[in-house]
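What follows is one structure encoded as structure tokens, with my remarks underneath.
Every number here is computed from the coordinates shown, using simple stated rules; none is lab data. Note that the coordinates shown come from a computational prediction; the quantities given were computed from them, not determined experimentally. Note that we place each Cβ from the backbone using ideal geometry, even for glycine, and neighbour counts take in every protein chain shown.
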Amino acid sequence: MDLVPLVLEGHVPAIARMISRAEAAYPEAADALAEIYKHAGQAHIVGITGVPGAGKSTLVSALIKALASAGHKVGVVAVDPSSPFSGGAILGDRVRMSDAAATSGAFVRSMATRGNLGGLARSTLEAVDILDAAGYSPVIIETVGVGQDEVEVASAAHTIVVLSAPGLGDDIQAIKAGILEIADIHAVSKSDKPEAAATVAALQGMMALGAAMTDTRWNPPILAVSSLSGDRVRELVDAISKHWTHLQENDELCGRRHSIARTRILATARHLFQRKFDEGDGSLDGYVEAVIRRAIDPSAAARLLLGWEKNT
Ligand SMILES: Nc1nc2c(ncn2[C@@H]2O[C@H](COP(=O)(O)OP(=O)(O)OP(=O)(O)O)[C@@H](O)[C@H]2O)c(=O)[nH]1
Ligand SMILES: [Mg+2]
């Protein structure tokens, strides 16, 4: 069944089925996804990232409500970590977010990370394309800022919000995770807790250091928000939309689109390459033996695999 026309009309069950096909990486879905890609490109893509437990899902629920009441048709793609750290949170995420979604006409979808045949970055960003083509904007991606795939997904947004949680020691975990520098907006979660002020101060200190070294025209704001009380959620919504306007008015959107396209091509290529050999087409094994015997070195074997050098 051709789901594309229904997806473009915003037909919710068709959107859900199309995302499932993308997630399962059905070869038959490739043409439909290519068609959908052509129709996407209007939505403002917002990435929300931060360490496990930072408060991302709770914040996304609060954002859905705030954005929907301002008249936006909000899409959310959440990457479920399904990792030992947060196993129990997954069902909770779905329930909480679908509450928010049910009251607002938003579309919320969780992507499984485990056993994802399409590659996490590929299938998540295809789900974003589907929502984009179906007329959702903004489309929010929630992803844990840990691990290459997840960070890649977050980097494929136009506006990246890095969420830091207060209290977990004095240092900011986002630094350790290496995601602080990708932020367009810094948010500190759980501002109802007294420790939040110290986290804001630490971020401000770091930004002051960073400001001397960079000359980006957008100066990432730091906002402490409480998803529980709703404090400053509106300000965060305003900052997100201000960043979008900034990208458009300062001709920075082209640069973003360029780097997003690069990221997507490379992520998919890397995944396809890896899968080709994981599925055991046999070409790798011949080189493994040769590398063990030290007949060739691993880097020569890699070039042979890629077909960049001829086997002599
Ligand atoms: N006090 C307070 N607690 C919050 C707030 N936002 C989230 N929390 C709590 O922080 C915990 C983690 O919140 P989540 O929204 O599940 O965090 P997450 O970043 O989505 O976590 P993972 O998806 O597991 O990475 C939960 O127990 C929330 O109730 C807040 O504004 N104030
Ligand atoms: Mg979550």
For residue 164, enumerate residues with amide H under 5 Å from its amide H, sequence gap 5+ or separate chain, H modeled in the peptide plane. 187, 188, 189
For the residues 122, 294, 264, what sequence is obtained by ranking on other C-beta atoms within 10 Å, fewest first? 294, 264, 122
Between beta-carbons, use under 11 Å as the cut-off and find the net charge around residue 296, counting Lys and Arg +1, Asp and Glu -1. 0
Can you list the equivalent-ellipsoid semi-axes of the range 1-60, largest first and in whole Å, using the square root of 5 times each Cα gyration tensor eigenvalue? 27, 14, 12
Computed FRET efficiency, Cβ-Cβ of residue 296 and residue 235, R0 51 Å: what is it to the nearest 0.05? 0.30
Amide H within-cut-off set for residue 108, under 5 Å, with H built and near neighbours excluded: 76
Taking 206, 1, 18 and counting other beta carbon atoms within 10 angstrom, the fewest-first order is 1, 206, 18
Hey, what do the phi angles of the range 240-246 turn into as Karplus ³J(HN,Hα) couplings, whole Hz, using 6.51/-1.76/1.60 and θ = phi - 60°, x for Gly and Pro? 4, 6, 5, 5, 5, 4, 4
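Quick one: order 299, 155 by neighbouring beta-carbon count within 10 Å, fewest to most.
On the way: 299 9, 155 20.
Least to most surrounded, the residues fall as 299, 155.
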For the range 37-62 and the range 226-298, what is the separation of their Cα centres, given in Å? 15
